[in-house]
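Novice: Please read through the structure below; I'll follow up with questions.
The values are calculated or read from the model by the stated rules, or taken from the named source; none is laboratory data. Note that the coordinates shown come from a computational prediction; the quantities given were computed from them, not determined experimentally. Here the Cβ positions follow ideal geometry from the backbone for every residue, glycine too, while neighbour counts run over all protein chains shown. Keep in mind that these areas ignore ligands, DNA and RNA; they rest on the heavy atoms of the full protein, side chains included. Shrake-Rupley method; radii C 1.70, N 1.55, O 1.52, S 1.80 Å.
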Amino acid sequence: MSNSAGITDVHTSQAADVLDAPIDNSTMLKMAQAEPSKVEATHAVFKLVETHRNGRVHLPTEDYVVNPGTKEYEKMRLLKGVQSIWEKDQKNLTPHDIKTHAMSLTFEKNVLRIPLYEKQTLEFLRTTSMNIGSKTPNKSAKFRFYEYNSEIAAQEALKQEELELEAIIAAKDMPVAKMRKHVAYLNITFADDITGMPKTDEAVRRDYIRAAKRNPKVFMDTKEDPAVDISFMVKKVISESKIDLGKQPNSIFWANGPFICKVTPGQTPVDSLVELALTNSKEGREFKERLQHDAR
Amino acid sequence: MPAGIPTSNILQPGAISLSTQNRQLMVDLQILMPQWYKSYVEKYGNEDFTWWLAAHAGMEEVKNQNFFWFENRGKLMEAVTNTVQVAAPAAGATVTITIGSADCFNAGTQSPLRVGETLRIASNNVEGKILTINKAVANAHTATVRPLKSTQAFAGPTGNLEIGEVLIFAGDTEAGEASTQIDPLIHLDKQYNNNVTEIRDGWSNTDLAQMAETYYEYPVSGDLAANGVRAFTYKGMHKTLVRFKNNVEAKLMKGDSQTNTGLNTSVGTQGLIPKIVADGETVGYGAANLDIAKLHEITRIMDVNGCDKQCAWLADIFQRQDFSDGIFKEFPAGAFVWGQGEKSQDASVAYGFQSIYIDEYMLQIKKYTPFNTEVTTGKTPTTDYFRNFGLIYPMGETKDSRTAATYKNITVMYQQPPAGGTIGNGIRLWQYGGGSPNPTDGTMTNQLAMITYRGLRVCSANKFIIVQAN
């Protein structure tokens, strides 16, 4: 083991930290609304919703919420050594008492740990509108946090890993013809980056598996989607100049004249045509029928 | 949360956008200097923080869109936090401590633990020495620690080494006879980046608009009147200028960088408040309850972060009202050694700061009305992000950890625009169009354009504090 700073240490000292991926919103909400975790025997852990803060966040220890007991809108205030968190029950306190017993709750690196014996603090944190899992969360609160549940975090992470594995296996076993249609739908190119030549089936499958790994949810949601076939046919007939995109701005025509549809604002022409083919209107069915004929 | 300030008496809209509708005008912003700041205030008011700072502290020119600097990562003296409880260790017994991701680096593979380090438990000053370390599991490094005294357990006051116990590094003490070298602690630097961004605005009017006499009077300067500019177009040009000034201020204070696709290729710039939100401290308080106890909490935080003794506090209307007369009377400013530039007493008076001296800090407080949407636009949002909002900025300096160059905590950075038109203070103004004194084409419009390239360098953001009610 070296005990001198080396050149790699110099490079490391100037490098940025590699951070863990943030928890997604749905997992956060599941944790927030779940019963408190039983895994952490001594502490409850709370995490800020916004994870981009590197500095500390000092939570205000006053709030106005609906008291679950009285169903009235009341003020709660966390004071050290005072049993109740509800201001109306905090009797016989002088202004000096209130000043000197005010508590501070500080999130360090977005995490706050509270011992389970601090019941008043936990009651405050679980009742305040700043907790997104409370009965009356305030969506526009400046300080938003949730109670971290390690079991749910692990379950969601496992689900994500399993989904990725499933997507990779599906990508590996997809028949070539169906794979190529899905590749086109996912906007993966069919030409090699360097040579510009068409990719072999193996090269296409390599990129297909990478796409499955990168975004397994989108991959699995779309692999059986009827829009994949439609999109492929639309792109085919456009590439064969059977559809004219340039005749009029924001309008699509068949090459031999008839109008098909307008391009929906915010969409590409391909998206608009796919949307039309999937609609159950007369125009949609007619377009789809002709598309299936021309794409053969 | 208090309701906003009623604004139903303010007519909306105050302006409309048209594709077309000239001069003056940039002259005063282009030559803004401390000695003329008073005239600036008479014309534009004294709300603008970044313009005040640029005038009194000067700006720094950058040659590229992106600029960067290095800061020390964290404090010099180390400490770690135990993350797994050790229940009732015996006196003199070796215990295993565990540290988590908060104390690890580089995807959890590196940490400051080193064999031979003496640790002190923060809660009861018990010392122990690290015997072995195990960094095999990312973000869960362990170390065995033996207490220095045979009669003491390496545990906190409860008898356990609790989760959350802070263990302070005390160096290679009790190194022993014929000792060998301990592993060095590699101090980490962090590179920070920001960009200057393009901010522009313009005015355009047709020949007929420029030539038309209107029934109301608006003071048009002599040279413009001689060029045939009438009150309507002059007023439009002036208002455009003020709006441009306000937008520069708002971008540098509240704006953030641009990363989304589907927009233009500009990268934007990270403004002061997003930077403090990311890297500074945030203190919450109950609305209308900013009291002495909270101020003491804030000054404690300032102590921890090594804040400079002179700090500015920009508060919105509501927060400024929370500073009751009682607080100002209780903490009078008294004698104070003022600095230079933006830290001088003259600059402070020019901007309208009111000072209090508390816990050895000179806090210069100013109502910053641009925080309140009611003031700037005449509309009252139900929820306004900057209501009951304030920020504290240390008026100090820091050293670049790579070059040792000294930087102020906030510096307005600018890139010199391309030559052409008139340029001053990094602002370029030019006129074009067939109807302008500089006829460039056959279309009878007078186009007036202004552009500046600005950003902020905010150093030691950990010393900055946002004070915000929920």
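Novice: Placing +1 on the Cβ of each Lys and Arg and -1 on the Cβ of each Asp and Glu in the protein assembly as shown, which of B:ILE410, B:ALA138, B:LEU148 has its Cα farthest towards the positive end of the resulting dipole?
Specialist: B:ILE410
Novice: Further, regarding this structure: Any chance you could get the radius of gyration and Dmax over the Cα atoms of segment A:28-173, in Å?
Specialist: Cα-based Rg and Dmax for segment A:28-173 come out at 18.5, 74 Å.
Novice: If we count every other residue with Cβ under 15 angstrom of B:GLY171's Cβ, Lys/Arg +1 and Asp/Glu -1, where does the sum land? Don't jump to the answer; show the numbers that get you there.
Specialist: Values: positive: B:LYS75, B:ARG114, B:ARG120, B:LYS129; negative: B:GLU78, B:GLU117, B:GLU127, B:ASP172, B:GLU174, B:ASP183.
Neighbour charge sum, excluding B:GLY171 itself: -2.
Novice: Same structure again: What does the extension gain come out to for A:LYS99 and A:VAL176, with contour length at 0.36 nm per residue minus their alpha carbon separation?
Specialist: Values: separation 77, 0.36 × 77 = 27.72 nm, distance 7.24 nm.
Once the chain is fully extended between A:LYS99 and A:VAL176, it gains 20.5 nm.
Novice: State, in angstrom, two size descriptors of chain A derived from its alpha carbons: Rg to one decimal place and Dmax to the nearest whole number.
Specialist: My reading of the Cα-based Rg and Dmax gives 29.0, 89 Å.
Novice: Dipole size in debye (nearest 20) for chain A around its Cα centre, Lys and Arg Cβ +1, Asp and Glu Cβ -1?
Specialist: Charge dipole, chain A, about its Cα centre: 520 debye, nearest 20.
Novice: Which residue, A:GLN90, A:TYR73, A:THR268, has the largest displacement toward the positive end of the dipole of the protein assembly as shown when charges sit on each Cβ (Lys, Arg +1; Asp, Glu -1)?
Specialist: So the residue furthest toward the plus end is A:THR268.
Novice: Using Cα-Cα distances under 8 Å and only pairs 6 or more residues apart, what relative contact order does segment A:133-215 have, in percent?
Specialist: Working: 36 pairs, mean separation 27.1, N = 83.
With pairs under 8 Å counted, the relative contact order is 33 percent.
Novice: In whole angstrom, note down how far apart the Cα centers of segment B:255-289 and segment B:75-112 are.
Specialist: Using only Cα atoms to place each centre, the spacing works out to 33 Å.
Novice: Moving on to the next point. Taking the Cα centre of segment A:78-227 as origin, sum charge times position over the Cβ atoms of Lys and Arg (+1) and Asp and Glu (-1), and report the length of that vector in debye to the nearest 20.
Specialist: Charge dipole of segment A:78-227: 460 debye, to the nearest 20.
Novice: Please compute the length gained on full extension between B:ALA212 and B:GLU61, using 0.36 nm multiplied by the number of residues separating them and subtracting their Cα-Cα distance.
Specialist: Here the answer is 50.2 nm.
Novice: Kindly state, to the nearest 0.05, the FRET efficiency for A:ALA295 paired with A:VAL218, given R0 = 22 Å and r defined as their beta-carbon distance.
Specialist: Calculated transfer efficiency: 0.35.
Novice: For the residue pair A:LYS139 and B:ALA404, what label-to-label distance in nm results when each label sits 7 Å from Cα along the Cα-to-beta-carbon direction?
Specialist: 5.5
Novice: Near B:ASN72, within a Cβ-to-Cβ distance under 11 Å, what is the net charge of the other residues, with Lys and Arg +1 and Asp and Glu -1?
Specialist: Net of charged neighbours comes to +2.
Novice: In whole percent, what relative contact order does segment B:365-431 give with Cα contacts below 8 Å and a gap of six or more residues?
Specialist: 15
Novice: Would you calculate a helix-derived [θ] at 222 nm for the protein assembly as shown, using -39,500 (n - 2.57) for each DSSP H run of n ≥ 4 and dividing by the full residue count, to the nearest 500?
Specialist: Helix contribution divided over all residues of the protein assembly as shown: -8500 deg cm²/dmol.
Novice: By average Cβ neighbour count within 10 Å, what is the ranking of B:428-440, A:151-163, B:73-85 from highest down?
Specialist: B:428-440, B:73-85, A:151-163
Novice: By per-residue mean of other Cβ atoms within 10 Å, what is the highest-first order of B:279-289, A:251-261, A:110-120? Walk me through the intermediate numbers first.
Specialist: Values: B:279-289: 21.5, A:251-261: 14.4, A:110-120: 16.0.
Highest to lowest by the protection proxy: B:279-289, A:110-120, A:251-261.
Novice: Oh, and also: Taking all protein chains in place and a 1.4 Å probe, what share, in percent, of the accessible surface of the protein assembly as shown do carbon and sulfur account for?
Specialist: Carbon and sulfur together cover 53 percent of it.
Novice: Please give the per residue volume of the convex hull enclosing the alpha carbon atoms of segment A:194-253, rounded to a whole number of Å³.
Specialist: 157
Novice: Further question on the same structure: Say each of B:THR94 and B:ASN264 gets a label point 7 Å from the Cα, pointing the same way as Cα to Cβ; how far apart are those two points in nm?
Specialist: 6.6
Novice: Quick one: 3J(HN,Hα) in Hz for segment B:122-135, Karplus 6.51/-1.76/1.60 with θ = phi - 60°, rounded, Gly and Pro as x.
Specialist: Per-residue couplings from phi come out as 5, 7, 9, 6, 6, 9, x, 10, 6, 9, 9, 10, 9, 10 Hz.
Novice: Compute the projected area of the convex hull of the Cα atoms of the protein assembly as shown, averaged over all viewing directions, and report it in nm² to one decimal place.
Specialist: Averaging across all directions leaves 45.9 nm² for the Cα convex hull.
Novice: For segment A:188-296, compute Rh as the Kirkwood radius over C-alpha pairs and then the Stokes-Einstein diffusion coefficient at 20 °C and 1.002 mPa s; write the answer in µm²/s, rounded to an integer.
Specialist: D = 138 µm²/s.
Novice: Using Cα-Cα distances under 8 Å and only pairs 6 or more residues apart, what relative contact order does chain A have, in percent? Show your work: numbers first, answer last.
Specialist: Details: 360 pairs, mean separation 42.1, N = 296.
Worked out over chain A, it gives 14 percent.
Novice: If Lys and Arg each add +1 and Asp and Glu each add -1, what is the summed charge of the other residues whose beta carbon sits under 12 Å from the beta carbon of B:PRO381?
Specialist: Around B:PRO381, the charge tally is 0.
Novice: For peptide A:48-61, what's the mean number of Cβ atoms from other chains within 10 Å of each residue's Cβ?
Specialist: Average per residue, whole number: 6.
Novice: Then there's this: How far is it, in nm, from the label point at B:THR173 to the one at A:ASP24 when both lie 7 Å from their Cα along the line to the Cβ?
Specialist: 5.0
Novice: Additional query: Using only the alpha carbons, work out the radius of gyration and Dmax of segment B:374-467 in angstrom.
Specialist: Reported Rg and Dmax, both Å: 20.9, 57.
Novice: What are the principal axis extents of the Cα atoms in segment B:134-195, in Å, biggest first?
Specialist: 58, 37, 23
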